[in-house]
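A.B. asks: To start, I am sharing the structure in question, which I have written as structure tokens.
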Amino acid sequence: MSRKMKFGEAITQLLKVTKGDPEIAKNKSMITKYLEKHSDDSLTKIAWEIYLREVGLKKQVYQGVRKYFWIAEDVIDGKSYEADTSAELAEKLDLKPSSVVNVRRSGKLLHRRYKITRKKKKAQ
């Protein structure tokens, strides 16, 4: 039985399973055990899937540590600034880390002066 359910309805259904405890994330094991015992309860299963999708508690696959060198090339002076993190580079340029990350994603120049790139570090 496939049924569309809103997030609020999913929370209400999960509260029935957790006996009214609002800390659903802490009761993850309780809910999974309930679903194993009551495999015919499709409504709770759908509610749990909706909750996981919305809250982002899906099973995460370990991708390893990705590390990059963050580089800011000064278009006017020709200087290059390098740092291990975007926060360090932002500190060197006297900016906020979020602006460095957003400009790198968009591919535009930062303050019409800095071209932000990043290069993946070689595995050691």
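The values are calculated or read from the model by the stated rules, or taken from the named source; none is laboratory data. Keep in mind that what you see is a predicted model, and the values were worked out from it rather than measured. FYI the Cβ positions are ideal-geometry reconstructions off the backbone, even for glycines, and counts take in every protein chain you see.
A.B. asks: Which of the residues belonging to the range 94-124 are closer than 17 Å to Asp74 by Cβ and among the aliphatic types (A, V, I, L, M)?
C.D. replies: Those that are closer than 17 Å to Asp74 by Cβ and among the aliphatic types (A, V, I, L, M): Leu95, Val100, Val103, Leu109, Leu110, Ile116.
A.B. asks: Now, a different point. Looking at the range 1-56 only, could you name the residues that are part of a loop (DSSP other than H, G, I, E, B) and either on the phi > 0 side of the Ramachandran plot or surrounded by fewer than 12 Cβ atoms within 10 Å (Cβ to Cβ) (or both)?
C.D. replies: Those that are part of a loop (DSSP other than H, G, I, E, B) and either on the phi > 0 side of the Ramachandran plot or surrounded by fewer than 12 Cβ atoms within 10 Å (Cβ to Cβ) (or both): Met1, Ser2, Arg3, Lys4, Lys6, Lys19, Gly20, Pro22, Glu23, Ser39, Asp40, Gly56.
A.B. asks: I've got another one for you. Considering each residue of the range 82-99, count those that are touching a Phe, Trp or Tyr at 6+ places or on another chain (Cβ under 7 Å), modelled with pLDDT of 90 or more and either farther than 9 Å from Trp70 by Cα or of a type outside the set (D, E, K, R) (or both), and give that number.
C.D. replies: 4
A.B. asks: Quick one: in the range 96-114, of everything that is of a type in the set (Gly, Ala, Ser) and surrounded by fewer than 15 Cβ atoms within 10 Å (Cβ to Cβ), which residue is nearest to the chain's Cα centre (by Cα)?
C.D. replies: Going through the qualifying residues, I end up with Ser98.
A.B. asks: Could you please find all residues in the range 102-118 being in a helix (DSSP H, G or I) and either modelled with pLDDT under 90 or touching a Phe, Trp or Tyr at 6+ places or on another chain (Cβ under 9 Å) (or both)?
C.D. replies: Within the range 102-118, Val103, Arg104 meet the criteria.
A.B. asks: Considering each residue of the range 51-81, count those that are under 23 Å from the mean Cα position of the chain (by Cα) and either of a type in the set (Lys, Arg) or modelled with pLDDT of 85 or more (or both), and give that number.
C.D. replies: Residues meeting the conditions: 8.
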